[in-house]
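Data block below; observations after.
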Amino acid sequence: MIVGVVGGGQLARMMIPAAVELGIELRVLAEAEGMSAGLAATAVGDYRDAATVLAFAEGVDVVTFDHEHVPQEVLRALVEAGHRVHPGPDALRFAQDKRAMRERMAELGAPQPDWAPVDSRDDLERFLADHGGVGVVKTATGGYDGKGVRVVRDADEVADWLGGALAGGPRLLVEEHVPFIRELAQLVARRPSGEAVVWPLVQTVQRDSICAEVIAPADVPPHIQPLVDDVARSIAEGLGVTGVLAVELFETSDGRVLVNELAMRPHNSGHWTIDGSITSQFEQHLRAVLDLPLGSTALLAPASVMVNIIGGPASGSMADRYQAALAAHPDVKVHSYDKAARPGRKVGHVTAIGDDLDEVAYRARAAAAHFDA
Ligand SMILES: Nc1ncnc2c1ncn2[C@@H]1O[C@H](COP(=O)(O)OP(=O)(O)OP(=O)(O)O)[C@@H](O)[C@H]1O
Ligand SMILES: [Mg+2]
């Protein structure tokens, strides 16, 4: 069996060992030479070009993705040409477009922040006035790592976007500014034939709008896990998601959870599963898109903590740092994405597992600190 992955980043890279173990061939359509997933058989080409993606899909059994940016026209061309595409265009739409996602969450009755589409300055001003003078404005498409998200108290703070919106630029929405006490993520994997499994709910910690750390499982009140389990499964089913779905959530002080956004692929909040769960999210994604039986999501230890390695201004010689981290922390797993370290860029992660959360977190943070600028 051959899986074709569009996108050559670290998510495609981390599918490679899982593919090897499952006896599956992985082929990657990378954006450029020398990308993180270049260890797999790699074609280089533009994922926005239908002819390129159609040619890549020839000879693979299923097409899946390392990112959500493949345009709908290209996805539909694949389906029309008879290729198996997981997740399919009808599901991916809701990971590509936050306005469409918010509308669909409302239809499904999933808990979410108050929100409104913004097609004019008036729309935004009215929403701010109704929500204590503050809101979170987002571009409907194209955002990542907090780009495309702004907390605003005055419409002038998004004057550039508003100008664009009126002139056919990015479509916008505004959300209430949720006073969350924690951010959570629920991963679920679903096969085309319907079987779905969840991992335990995790806590994600963002710094400068980039995921810095993941704590698994999240230390939440007991009613939250079954609630979120239900929300995630009903989204996966309601949207017809195949493969791994990550539901990012806010936890509020009054014990509610609200859906922030969706990712339909392995997700940073699930990297800990490589070392902390019987089945990693990468293996599960491959199983799911091939409609193979799914693996157990049971934990290998009571606590896992993943800390991202993020490039900084002084992260010149990463090789030395990896050496130092390996030497000092033989009981922590260090993962490198083989990417040049640029400020703010995720270039690897470390995971520690064990019995005691505080001790595990201490070890993971200490190992990751070797990479601090
Ligand atoms: N309505 C909100 N209220 C409060 N904080 C918010 C809200 N929406 C987003 N945030 C904060 O901004 C971060 C980024 O928002 P979001 O996840 O929508 O953007 P993104 O750039 O698409 O992120 P990602 O890197 O996950 O793709 C969130 O993790 C959260 O910390
Ligand atoms: Mg997010």
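Each reported figure results from applying straightforward, stated rules to the coordinates on display, with no laboratory input. Given the structure is predicted, the values throughout are model-derived calculations rather than measurements. Don't worry about glycine lacking a Cβ; one is built from the backbone with ideal geometry, like all the others, and counts go over all protein chains shown.
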The condition from (1) surrounded by 14 or more Cβ atoms within 10 Å (Cβ to Cβ); (2) of a type outside the set (S, T, N, Q); (3) in a loop (DSSP other than H, G, I, E, B) that residue 48 misses is numbered (1)
Among residues of the stretch 204-257 being within 18 Å of residue 109 (Cβ to Cβ) and of a type in the set (Lys, Arg), the residue nearest to the chain's Cα centre (by Cα) is 233
### residue 111 being in a loop (DSSP other than H, G, I, E, B), more than 12 Å from ligand 1 (Cβ to nearest atom) and in contact (Cβ under 8 Å) with a residue 24 or more places away in the chain
yes
Across (1) under 30 Å from residue 2 (Cα atoms); (2) in a loop (DSSP other than H, G, I, E, B), residue 331 clears everything bar (1)
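Residues in the stretch 318-334: is at least one in contact (Cβ under 8 Å) with a residue 60 or more places away in the chain and small (Gly, Ala, Ser)?
In the first step, residues of the stretch 318-334 are kept if they are in contact (Cβ under 8 Å) with a residue 60 or more places away in the chain; the result is none.
Within the stretch 318-334, none of the residues are in contact (Cβ under 8 Å) with a residue 60 or more places away in the chain and small (Gly, Ala, Ser).
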So, residue 359, is that one among the acidic types (Asp, Glu) and under 19 Å from the mean Cα position of the chain (by Cα) or not? no
Residues in the stretch 22-44 that are farther than 20 Å from residue 86 by Cβ and not in a strand (DSSP E or B) total 8
Within the stretch 249-263, of all residues that are away from ligand 2 (no atom under 13 Å from the Cβ) and buried (at least 22 other Cβ atoms within 10 Å of the Cβ), the one nearest to residue 239 (Cα to Cα) is 257
Expected single match for within 30 Å of residue 174 (Cβ to Cβ) and surrounded by fewer than 24 Cβ atoms within 10 Å (Cβ to Cβ) among 275, 291, 229 is 229
Those strands (runs of 3 or more DSSP E) completely within the stretch 191-267 that have 3 or more residues that are in contact (Cβ under 8 Å) with a residue 12 or more places away in the chain and within 18 Å of residue 92 (Cβ to Cβ) are 243-252, 257-263
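Scan the stretch 131-147 residue by residue and report those that are in a loop (DSSP other than H, G, I, E, B) and either within 10 Å of ligand 2 (Cβ to nearest atom) or more than 14 Å from residue 97 (Cα to Cα) (or both). If you could, list the steps in order and put the result at the bottom.
Keep residues of the stretch 131-147 that are in a loop (DSSP other than H, G, I, E, B), which gives 131-134, 140-143, 145-146.
Selection gives 131, 132, 133, 134, 143, 145, 146.
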Those residues of the stretch 1-30 which are within 22 Å of residue 309 (Cβ to Cβ) and either of a type in the set (Lys, Arg) or more than 19 Å from the chain's Cα centre (by Cα) (or both) amount to 13, 17
The number of residues in the stretch 11-25 that are in contact (Cβ under 8 Å) with a residue 60 or more places away in the chain and surrounded by fewer than 24 Cβ atoms within 10 Å (Cβ to Cβ) is 6
